[in-house]
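Structure first, then comments.
The values are calculated or read from the model by the stated rules, or taken from the named source; none is laboratory data. Here the structure is a predicted model, which is why all the values come from computation and not from measurement. Cβ placement follows ideal geometry from the backbone for every residue including glycine, while neighbour counts extend to all protein chains displayed. Calculation scope for accessible area: heavy atoms of the full protein, side chains included, ligands and nucleic acids excluded. Shrake-Rupley method; radii C 1.70, N 1.55, O 1.52, S 1.80 Å.
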Amino acid sequence: MSKPKIQTGEASAPKRRRADAERSISSIIDAALEALASDPNASMAEIARRAGVVRATIYMHFPTRESLLDAVMEEATGRVAEAIRNAEPNRGEPKEALERVILATWKQLSEFHNILQINMRRLSAQELRRRHLPMTTQFIPLLERGQADGVFRSDVSATWLIAVVRAIVHVASTELQAGRLSQTEVEQTLLTTALAAISPR
C-alpha cells in the first residue's frame with residue numbers, strides 16, 4: 001500500500017514555526033539586553049514592548065524572569081567571549097597580549113555592566129564562575145605562557161590568576177556603576193591593578 005503523500009506546504013509548516021519561534025526568542029533576548037542595560041529593574045512589559053511582542057509571548061518562551069535572565073546572561077557571555085577571541089590572546093608578548101585582551105573584554109562588557117550587577121546579586125560565586133568559563137578559560141594559555149616567560153607570577157596557578165583578574169574586573173564594574181570611578185579613569189585603574197596583582201614579586 002502506497003504511503004499518503006505529504007503536501008510540501010504541510011511539511012514546511014513546522015520549519016516555519018520553528019524559524020518564527022527562533023526569531024521571536026532572538027528579538028526578546030536582544031530587547032532584554034537593551035532594556036536591562038539601561039534599567040536593571042526593567043519590567044517584562046517593557047521588554048515585550050521593545051521586542052514588539054506581547055508579554056504572553058515572552059512567557060511562552062521564558063516561563064519566569066529568572067529563565068529570561070539566564071538566556072540574557074548566556075548571550076552576553078557569548079559576546080564577551082567572542083571579543084576575547086577576536087583580541088587574539090595567543091598573539092604577541094604575554095604582557096602586551098594580556099593588556100589588549102583585558103581592554104577588549106572591558107570594551108564589550110561596557111554594554112553589560114547592569115547585567116553583570118544583576119547576575120552578581122542573583123547567582124552564587126561558584127555559579128557565576130562556572131558561567132564565566134567560556135571567557136576565563138581563554139585567558140589560561142596566555143597566563144601560563146607569561147608564567148613560563150617570567151612575566152607573570154608563577155607561585156600560584158594560572159587558574160588563580162584569572163580568578164584575581166576577574167574579581168578586579170567585577171570590582172571595576174561595581175565602582176563605575178556606583179560613580180566612584182569615572183569612565184575616563186576606570187580602564188587605566190583596571191589595567192594597572194590587574195597587572196600589579198599578577199606580576200612577579
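From the residues in region 104-123 that are closer than 19 Å to Ser67 by Cβ and of a type in the set (Lys, Arg), which one is most open to solvent (accessible area, probe 1.4 Å)? Here the residue is Arg121.
Consider region 53-64 and keep the residues that are surrounded by fewer than 17 Cβ atoms within 10 Å (Cβ to Cβ) and over 21 Å from Arg79 (Cβ atoms). The one that is nearest to the chain's Cα centre (by Cα) is Thr64. Number of residues in region 21-52 that are farther than 21 Å from His113 by Cβ and open to solvent by 60 Å² or more (accessible area, probe 1.4 Å): the value is 4. Within region 35-48, being modelled with pLDDT of 95 or more and among the charged types (D, E, K, R) holds for one residue alone: Glu46. In this structure, does Thr174 turn out to be touching a residue at least 24 places away in the same chain (Cβ under 8 Å) and within 30 Å of Glu66 (Cβ to Cβ)? Taking the combined requirement at face value, the residue satisfies it.
Against the test of being open to solvent by less than 40 Å² (accessible area, probe 1.4 Å), closer than 22 Å to Ser110 by Cβ and in contact with an Asp or Glu (Cβ under 7 Å, 6 or more places away or on another chain), the options Leu142, Leu176, Leu191 yield a single qualifying residue, Leu191.
Of all residues in region 93-103, none are open to solvent by 50 Å² or more (accessible area, probe 1.4 Å), more than 28 Å from Leu69 (Cα to Cα) and in contact with a Lys or Arg (Cβ under 6 Å, 6 or more places away or on another chain).
If you check every pair at least six apart or on different chains, which have Cβ atoms under 9 Å apart with a residue in region 117-128 that is touching a residue at least 40 places away in the same chain (Cβ under 8 Å) first and a residue that is part of a loop (DSSP other than H, G, I, E, B) second? Qualifying pairs under 9 Å: Gln117/Pro40; Ile118/Pro40.
Condition check ((1) closer than 15 Å to Ala172 by Cβ; (2) hydrophobic (A, V, I, L, M, F, W, C)) across all residues:
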{"site": "Glu82", "(1), (2)": "no, no"}
{"site": "Ala87", "(1), (2)": "no, yes"}
{"site": "Glu93", "(1), (2)": "no, no"}
{"site": "Lys107", "(1), (2)": "yes, no"}
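Within region 15-47, the set of residues being part of a helix (DSSP H, G or I) and closer than 11 Å to Leu68 by Cβ comprises Ile25, Ile28, Ile29, Ala31, Ala32, Leu33, Ala35, Leu36, Met44, Ile47. In region 151-162, how many residues are touching a residue at least 12 places away in the same chain (Cβ under 8 Å), surrounded by fewer than 17 Cβ atoms within 10 Å (Cβ to Cβ) and either polar (S, T, N, Q) or assigned to a helix (DSSP H, G or I) (or both)? Matching residues across region 151-162 total 2.
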